[in-house]
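**Q** Below is a structure I'd like to ask you about.
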Amino acid sequence: MTRGARIIIVLWLVTLAACGVSLYRNLSVTTDLTAFLPPSVTPNQRILLGQLRDGAASRLVLIGLEGAPGDVLARTSTELARRLTASGLFAYVDNGATAAGRPEEALLFEHRYLLSPAVVPERFSTEGLKAALAETYRLLGSSAGVLVRATLPSDPTGEMRQVLARLAPGTGPDTKHGVWFSRDGRRALLVAQTRAPAFDADAQRRAVKTIDDAYDAVRPGASRLLLSGPGVFASRIRDTVESEATRLTALGVALVLAILYAAYRSIALLGASLLPVATGLVVGVAAVAFGFDKVHGITLGFGVTLIGEAIDYPSYLLIQARPGEPLADALARIGPTLNLAILTTVFGALAMALSSFEGLAQFGVLTIAGVAAAGVTTRWVLPALLRTRPASPRPPDTQVLLNRAEGAARHLKWAAAALTVAALGLIAWKHGQLWDDDLSSLTPVSESAKQLDRSLREAIGAPSLRYLLVARGTSREAALQGSESAAAWLPDAVRKGWLVGFDVPSNYLPSEKTQEFRRAALPERAVLASRLDTALADTQFRAGSFTPFLDAVDRTRSGPLIDVRTYEGTALGLKINSLLFRSEDEWSALATLNGVNAPAELAREASAHGQALIDLKEESNKLVNAYKNQALAYVALGLACIAGLLVAALRSATLALKVIAPVLAAVALDVAVLVLLGKRLSLFNLVALLLVVGVGLNYALFFARRHADEGERARTLLSLAVCAGTTLSAFGSLALSRTPVLHEIGFTVALGAALSLVLAAAFAARPERRPPPV
Amino acid sequence: MLLAATAMRSVAAPQEIDAQELMRMLAGVESATASFVETRYSPLLKSPLVTRGVLSYRRPDLLEKHVEFPSDERMVLEGDRLTMESASANRRLTTRVGAAPDIASLIESVRATRAGDLAALERYFKVGADGTRDNWRLLLTPLTPALGKYVRSVEISGSGVRMQRIEVQEASGDRTVTEIEEQPR
């Protein structure tokens, strides 16, 4: 080994070690989808992202138990609720039996005079007290007498009844055997709210696993556990994607290794050919970790795709080298072309790396650093490590076959051109329906899972994930007043059947204005005592029994108003925080709605009262659309950079066009095939098409290369066949997946790579007449 | 000798009744209608609060308590649907038992006894029985904290398949006594 080679290897190892140490120290992976999404522009999108991240509705897990007799299910439900509560992962767990005696109830009772809508000055006049006491007396004789009696001395006017009437709209599930059941009595129902925010996929997965485990531990015979909710969807999808990805990647890797071994017939060469892509991954991820606070899980997942073309670089070099030939000699021949192959990808990702969208920027940085590192490893480290290509058994004689194939491809030139024109026409015609802007298609949920979610959501009366009512204001106070205004007209909308129920933060946290009004309605102790005595004379109640009432009113008069801190650490506190928040310099108070039947009417009524109905689905579609448009703009910019680079390097616009044209044609045909198959493009397809551009340009560049002799041309053809073979194997395996994400990526890349190869061959100029490149 | 001892024992306590047997006996009733007088004894009241009305039951799960005096109030528990209606206050509230677990379990004590459904009773109460077929007493102690917060014990007594008296000791210290006059059928 020469001294130069030694220095290169040491530098390479030091770089790898440095990246490794830095990754070990700094790598912080986030699965927060919202960090990946663009900085949202509109207030509605901010609300959408906030809700996706940690909205109360997106933390809910809906649980159903079925397939066993009712009493068995009821016992399971009780035991499950007990275990889940004990796990500490849930803010609350409710199966109907635990409804009473929550810590919140004591808080609401304590603050009943600030919370009850019945508290007005007249309520505490002698006449008002008399009327309230008469009502209480009547209720004492009813079946609810025992409840009325329990709080009679401290709440003779029944304010707690007023508070609870607004909170429990009576739309809850049926109760059988003491716990919630579906209407048909076949399914026991529970609901749990995770403490962890919805975006924390690992915590959500832990929560789901805790439920599964708790159920397994108490499983009574033949019953079934049904789970739904955003966190459940996310972790189930992740499980499927990960297991399928692992399985199919293993298949892909096995095929790739088989192809490479068939080409090299040498374990040493096989090992060496994997070094660049491995180096690229380590350096690329380290660069992202260095440049950004957190590396996104999606960046890591698809980074492999983006750096995928790096597996081709050693193939071009090692196959080009004749057995026993120093790699440096082979590099002298293909060096300029290999440089261009690497640089085109780097240039293509430059624009993206500068994007203000963190997700795109991470993709860009990962691609640039990864591909550049893989290129450097191929160009300098491999020759230093191997020096010469080991003499290995000749690869299978495929020369004749490949020559024929190339010849056949050239005959396709005009057909390919015609097809490309047709594809462009189809894309232009369908351009309005080309893209799928539905955020949920990125993480598709099966129809049966959607149906289960609907039925559980309806049975439990859990809030809709789609609609929210927002009251905005310049302060928390203003937003809460808006929330109170909404709470005033929404009951009417419920009566009209526009929706089934709603929940507003002002029920628990009235505006200061309202609280002050109520507090001012409370007379001072001596006045109240004397009015009460007068009122009691006309009732069946004994005087002197109501000191706790006088104390409570006094406490409220002299005590503080309710604020967010009042509910700290309770499920209500969590709920208020997710429904009432500040973004930028604006406050929003959200109302969750359930069973929305008439969104148009609700939207109209809301805007008439100064609030707004938000359709989260629509907002998320707009968001994805904006993201896609940004991504497309950066891709176009990247293509322009590539074109500029090629013109400069090849010193000929015609030649540059000949390299780019087959790639663009392949992309157009790829998209046209997807459209003909009835598919719509998502961001995943876009990422896949970027890789197609990367590998396609390499094919075109090597086809366009000038060859000294037939042997060299044959080796180029073989290296191209090996590269295409490995790409097709790796991504063809992914295309076998039943998971839409994996299938889409696999299919798009495999098809695009095949098309790129054929078209590059078809459009390649005849070698004899080509002017020499650089 | 053994035979004689067995005979002796059955003579000594010829009609001693346990909860199972009592429930089996009551389960034979298809429907029942009775007038009732309920009296609440409370230190908060100048005089006991007396209500009168009609209590009716129909198998399997309908219990209606219709208060006719002093005001017109109806409470119907059918399946798990609890309806409270006040004619005098012109108000009607239908709720599911799940929304009012405490009241529901108290009403269940009457309905389940009337239905002879021991399993339903045991869901909410520790159940004890004594007396004879002709003069039995069922003592119910709440098991759930939701009900225990309000009720110390419920004592139901009767004769044969007739329910005659319900006495509820409330946690507040109040006591309600319901005297029932079942129409013989």
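**Q** Gain in length, A:Asp709 to A:Asn621, computed as 0.36 nm per residue apart minus the alpha-carbon separation, to one decimal in nm? It would help to have the intermediate numbers written out before the result.
**A** Values: separation 88, 0.36 × 88 = 31.68 nm, distance 5.55 nm.
Contour length minus the Cα-Cα distance gives 26.1 nm.
**Q** Okay, next question. Specify which residue in the list A:Leu360, A:Ala258, A:Leu317 is farthest towards the positive end of the charge dipole of the protein assembly as shown, using unit charges on the beta carbon of Lys, Arg (+1) and Asp, Glu (-1), about the Cα centre.
**A** Final value for the positive-end residue is A:Leu317.
**Q** Counting only heavy atoms of protein chains, what accessible area per residue, in Å², does the range A:574-667 have with a probe of 1.4 Å?
**A** Details: 4080 Å² over 94 residues.
Accessible area per residue: 43 Å².
**Q** Just subtract the alpha-carbon distance of A:Leu401 and A:Asp184 from 0.36 nm times their residue separation and send over the number in nm, one decimal. Could the numbers behind the result be given before it?
**A** Values: separation 217, 0.36 × 217 = 78.12 nm, distance 6.84 nm.
Extra length from A:Leu401 to A:Asp184 when fully extended: 71.3 nm.
**Q** Seen from all sides and averaged, what is the projected area of the convex hull of the Cα atoms in the protein assembly as shown, in nm²?
**A** Details: hull surface 213.9 nm².
Mean orientational projected area (the protein assembly as shown, Cα hull): 53.5 nm².
**Q** For the protein assembly as shown, which whole-number percentage of the solvent-accessible area (1.4 Å probe, protein heavy atoms only) is attributable to carbon and sulfur atoms?
**A** Numbers: 24400 of 41230 Å².
Looking at the protein assembly as shown in its full context, I get 59 percent from C and S.
**Q** Name the residues whose placed amide hydrogens come within less than 5 Å of the amide hydrogen of A:Lys176, ignoring near sequence neighbours (fewer than 5 apart) on the same chain.
**A** Correct list: A:Phe181.
**Q** Name the residue farthest towards the positive end of the dipole of chain A from the options A:Ala761, A:Ala462, A:Thr514, assuming +1 on Cβ of Lys and Arg, -1 on Cβ of Asp and Glu, about the Cα centre.
**A** Sorting the options by dipole projection puts first A:Ala761.
**Q** Next question, about the same structure. What are the DSSP H helices in chain A that stretch 15 Å or more along their long axis, judged by alpha-carbon atoms, and whose average Kyte-Doolittle hydropathy comes to at least 1.6?
**A** Long hydrophobic helices here: A:267-291, A:297-307, A:653-676, A:683-704, A:740-763.
**Q** A follow-up question, please. Put a dot 7 Å past each Cα toward the Cβ at A:His431 and A:Ala653; how far apart are the dots in nm?
**A** Calculated label separation equals 2.3 nm.
**Q** What percent do you get for the relative contact order of the range A:181-272 when only Cα pairs under 8 Å and 6+ apart count? It would help to have the intermediate numbers written out before the result.
**A** Details: 34 pairs, mean separation 18.3, N = 92.
The normalised contact order for the range A:181-272 reaches 20 percent.
**Q** Follow-up question, since we're still on this one. Pop the C-beta distance of A:Asp533 and A:Glu110 into the FRET formula with R0 = 30 Å and round what comes out to the nearest 0.05. Present the calculation step by step, with values, prior to reporting the outcome.
**A** Numbers: r = 25 Å, r/R0 = 0.84.
Once the sixth-power term is evaluated, E becomes 0.75.
**Q** Considering only DSSP beta bridges with both partners in chain A, what is the antiparallel share in %, to the nearest 5?
**A** Details: 38 of 41 bridges.
DSSP beta bridges in chain A are roughly 95 percent antiparallel.
**Q** May I ask for the equivalent-ellipsoid semi-axes of the range A:672-723, computed as the square root of five times each C-alpha gyration tensor eigenvalue and listed largest first in whole Å?
**A** On the way: eigenvalues 210, 23, 14 Å².
Semi-axes from the Cα gyration tensor: 32, 11, 8 Å.
**Q** Whose amide H sits under 5 Å from the amide H of A:His609, counting only residues 5 or more places off or on another chain, with H placed in the peptide plane?
**A** Result for A:His609 returns nothing.
**Q** For Cα pairs less than 8 Å apart in space and 6+ apart in sequence, what is the mean separation divided by the residue count of chain A, i.e. the relative contact order in percent? Please list the in-between numbers first.
**A** Numbers: 1221 pairs, mean separation 161.2, N = 774.
After rounding, I find 21 percent.
**Q** A follow-up question, please. Taking the Cβ-Cβ separation of B:Ser31 and B:Arg162 as r and a Förster radius of 22 Å, what is the calculated FRET efficiency to the nearest 0.05? Show your work: numbers first, answer last.
**A** Values: r = 13 Å, r/R0 = 0.59.
Working from the Cβ atoms, E equals 0.95.
**Q** Hey, another quick one. Considering protein heavy atoms only and a 1.4 Å probe radius, which residues within the range A:108-154 exhibit an accessible-area decrease of no less than 20 Å² in the full assembly relative to the chain by itself?
**A** Buried on complex formation: A:Glu135, A:Tyr137, A:Arg138, A:Leu140, A:Gly141, A:Ser142, A:Ser143, A:Ala144, A:Val146, A:Leu147, A:Arg149, A:Ala150.
**Q** Say each of A:Lys496 and B:Glu155 gets a label point 7 Å from the Cα, pointing the same way as Cα to Cβ; how far apart are those two points in nm?
**A** Computed distance between label sites A:Lys496 and B:Glu155 equals 5.7 nm.
**Q** Now a separate question. Using the structure shown, list the pairs from A:Lys209/A:Lys450; A:Lys130/A:Lys575; A:Lys513/A:Lys622; A:Lys413/A:Lys628; A:Lys176/B:Lys149 with a Cα-Cα distance above 30 Å, or answer none. Intermediate values should be presented prior to the final figure.
**A** Working: A:Lys209/A:Lys450 20 Å; A:Lys130/A:Lys575 37 Å; A:Lys513/A:Lys622 37 Å; A:Lys413/A:Lys628 33 Å; A:Lys176/B:Lys149 21 Å.
Where the Cα-Cα span goes over 30 Å, the pairs concerned are A:Lys130/A:Lys575; A:Lys513/A:Lys622; A:Lys413/A:Lys628.
**Q** For the range A:217-355, what class follows from the C-alpha gyration tensor (a ≥ b ≥ c being the square roots of its eigenvalues): rounded when a/c is under 1.5, otherwise prolate if a/b is larger than b/c, else oblate? Don't jump to the answer; show the numbers that get you there.
**A** Working: a/c = 3.86, a/b = 1.81, b/c = 2.14.
Since a/c reaches 1.5 but b/c is at least a/b, the shape of the range A:217-355 is classed as oblate.
**Q** Probe radius 1.4 Å, ligands and nucleic acids left out: can you give me the accessible area buried at the B-A interface, summed over both chains, in Å² to the nearest hundred? Walk me through the numbers on the way to the answer.
**A** Values: alone 10580 and 33640 Å², together 41230 Å².
Separately minus together, B and A give about 3000 Å² buried.
**Q** Right, here's the next one. Nearest 20 debye, what's the magnitude of the dipole of the range A:239-374 about its Cα centre given +1 on Lys and Arg Cβ and -1 on Asp and Glu Cβ? The partial results should precede the final answer.
**A** Values: 5 positive and 9 negative charges, 72 e Å.
Charge dipole of the range A:239-374: 340 debye, to the nearest 20.
**Q** Next up: Along Cα→Cβ, 7 Å out, is where each label goes; now give me the distance between the ones at A:Ala417 and A:Ala543 in nm to one decimal.
**A** Each label point is offset 7 Å from its Cα along the Cβ direction, giving 11.0 nm.
**Q** Then there's this: In debye to the nearest 20, how big a dipole does the range A:633-774 give about its Cα centre with +1 on each Lys and Arg Cβ and -1 on each Asp and Glu Cβ? Display every interim value, and only then the final one.
**A** Numbers: 12 positive and 6 negative charges, 42 e Å.
That gives a dipole near 200 debye.
**Q** Another one. Taking a ≥ b ≥ c as the square roots of the eigenvalues of the Cα gyration tensor of the range A:154-238, is the shape rounded (a/c under 1.5), prolate (a/b larger than b/c) or oblate?
**A** In terms of gyration-tensor shape, oblate.
**Q** Could you compute the FRET efficiency for A:Phe517 and A:Asp563, with r as their C-beta to C-beta distance and R0 at 22 Å, rounded to 0.05? Please report the intermediate quantities before stating the final value.
**A** Numbers: r = 16 Å, r/R0 = 0.74.
Once the sixth-power term is evaluated, E becomes 0.85.
**Q** Compute the signed sum of charges (Lys and Arg +1, Asp and Glu -1) over the other residues within less than 15 Å, Cβ to Cβ, of A:Asp312.
**A** Working: positive: A:Arg379, A:Arg705, A:Arg715; negative: A:Glu309.
For residues surrounding A:Asp312, the net value is +2.
**Q** Still on this structure, please answer the following. Applying the Karplus parametrisation 6.51 cos²θ - 1.76 cosθ + 1.60 with θ = phi - 60° to the phi angles of the range A:465-472, what ³J(HN,Hα) value in whole Hz is obtained for each residue in order, glycine and proline being reported as x?
**A** 8, 9, 10, 9, 10, 10, 10, 10
The values are calculated or read from the model by the stated rules, or taken from the named source; none is laboratory data. Note that the coordinates shown come from a computational prediction; the quantities given were computed from them, not determined experimentally. For neighbour counting, all protein chains shown are included, and Cβ atoms are generated from backbone atoms with ideal geometry for every residue, glycine included. Surface accessibility is based on the protein's heavy atoms, side chains included, excluding ligands, DNA and RNA. Shrake-Rupley method; radii C 1.70, N 1.55, O 1.52, S 1.80 Å.
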